[in-house]
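The values are calculated or read from the model by the stated rules, or taken from the named source; none is laboratory data. Not measured: the values here are computed from a predicted model. Note that we place each Cβ from the backbone using ideal geometry, even for glycine, and neighbour counts take in every protein chain shown. Just so you know, the surface numbers come from the protein's heavy atoms only, side chains and all, with ligands and any DNA or RNA stripped out. Shrake-Rupley method; radii C 1.70, N 1.55, O 1.52, S 1.80 Å.
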Amino acid sequence: EQYRLVVENANEGIIIAQNGMFRLANRKVSEILGYSQDELMSRSFIDFVHPDDRQMVMDRHRRRMAGREAPSRYLFRAVAQSGATRWLSIGAVMVSWEGRPATLNFLTDITERIEMEEEKKRMEAQLAQAQKIEALGTFAGGIAHDLNNILYPIIINIELLLAEAEEGTETHETLGQILTAAQRGRDLV
């Protein structure tokens with residue numbers, strides 16, 4: 001009764017897996033996956049594993065059941081009854097259950113942590129992009145300032161020369177074209 005109290009109130013999913021089936025699954029497993037105890041116990045445990053992770057999970061389970069070395073802790077995805085993908089951290093050890101080999105598995109739902117890490121990566125990427133754009137803006141502003149520093153003395157001196165040049169002369173016309181080009185350059189900057 002004491003062990004039942006501990007297992008049923010644990011904050012981790014606790015599973016005994018044997019012959020591809022759940023032999024024991026606590027309430028937390030039902031909460032994580034959204035299936036009733038009867039549904040969990042009546043289907044192969046691999047049915048609850050995300051299709052992309054099934055091969056890995058089965059390989060590790062078979063190796064452990066055969067007494068070969070397999071990681072005792074790893075991550076995999078499960079599919080909840082709602083269809084949502086849940087990220088789980090599993091810790092698995094070999095045990096004897098009713099006189100036959102089985103695995104005792106502890107599941108921790110880390111979906112929120114994974115989602116927060118992905119959101120953090122997205123935010124960091126957005127920040128990096130914003131910093132690049134800001135740096136580019138600062139760079140462009142610096143170039144524009146430098147170009148204006150070059151163009152304004154040209155414009156001022158051309159205006160002075162133009163004021164002294166006689167209208168209708170070739171010099172006046174040439175200075176007018178230079179002033180127009182310099183003003184276009186200023187407007188572009």
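Filtered by the rule that a residue be of a type in the set (A, V, I, L, M, F, W, C) and not in a helix (DSSP H, G or I), the stretch 54-68 gives a lone residue, ALA66. Scanning the stretch 35-83 for residues that are under 17 Å from ILE14 (Cβ atoms), small (Gly, Ala, Ser) and touching a residue at least 40 places away in the same chain (Cβ under 8 Å) yields one hit, ALA78. Does the stretch 3-18 contain any residue that is among the hydrophobic types (A, V, I, L, M, F, W, C) and touching a Ser or Thr at 6+ places or on another chain (Cβ under 6 Å)? For the stretch 3-18, residues among the hydrophobic types (A, V, I, L, M, F, W, C) and touching a Ser or Thr at 6+ places or on another chain (Cβ under 6 Å): present. Suppose we keep only residues that are open to solvent by less than 60 Å² (accessible area, probe 1.4 Å) and in a helix (DSSP H, G or I) within the stretch 148-166. Which one would you say is nearest to GLY137 (Cα to Cα)? Checked the stretch 148-166; the qualifying residue nearest to GLY137 (Cα to Cα) is ASN148. Pairs linking a residue in the stretch 1-22 that is open to solvent by 50 Å² or more (accessible area, probe 1.4 Å) to a residue that is in a loop (DSSP other than H, G, I, E, B), with Cβ atoms under 6 Å and 6 or more positions apart or on different chains, are GLU8/ASN26.
Per-residue answers, yes or no, for (1) over 28 Å from LEU5 (Cβ atoms); (2) at pLDDT 90 or above:
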{"residue": "ARG23", "(1), (2)": "no, yes"}
{"residue": "ARG27", "(1), (2)": "no, yes"}
{"residue": "ARG60", "(1), (2)": "yes, yes"}
{"residue": "MET65", "(1), (2)": "yes, no"}
{"residue": "ALA70", "(1), (2)": "yes, no"}
{"residue": "LEU75", "(1), (2)": "yes, yes"}
{"residue": "GLU115", "(1), (2)": "yes, yes"}
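Taking SER89 as the residue in question, decide whether it is surrounded by fewer than 20 Cβ atoms within 10 Å (Cβ to Cβ), modelled with pLDDT of 95 or more, in contact with a Ser or Thr (Cβ under 7 Å, 6 or more places away or on another chain) and among the small types (Gly, Ala, Ser). For SER89, the condition - surrounded by fewer than 20 Cβ atoms within 10 Å (Cβ to Cβ), modelled with pLDDT of 95 or more, in contact with a Ser or Thr (Cβ under 7 Å, 6 or more places away or on another chain) and among the small types (Gly, Ala, Ser) - is met.
Residue-wise test of (1) under 30 Å from ARG77 (Cβ atoms); (2) open to solvent by less than 100 Å² (accessible area, probe 1.4 Å); (3) assigned to a helix (DSSP H, G or I).
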| residue | (1), (2), (3) |
| --- | --- |
| VAL93 | yes, yes, no |
| PRO101 | yes, yes, no |
| PHE139 | no, no, yes |
| ASP146 | no, yes, yes |
| GLY168 | no, yes, no |
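For the stretch 51-86, filtered to residues that are closer than 17 Å to GLU115 by Cβ and touching a His at 6+ places or on another chain (Cβ under 9 Å), the residue that is surrounded by the most Cβ atoms within 10 Å (Cβ to Cβ) is ALA78.
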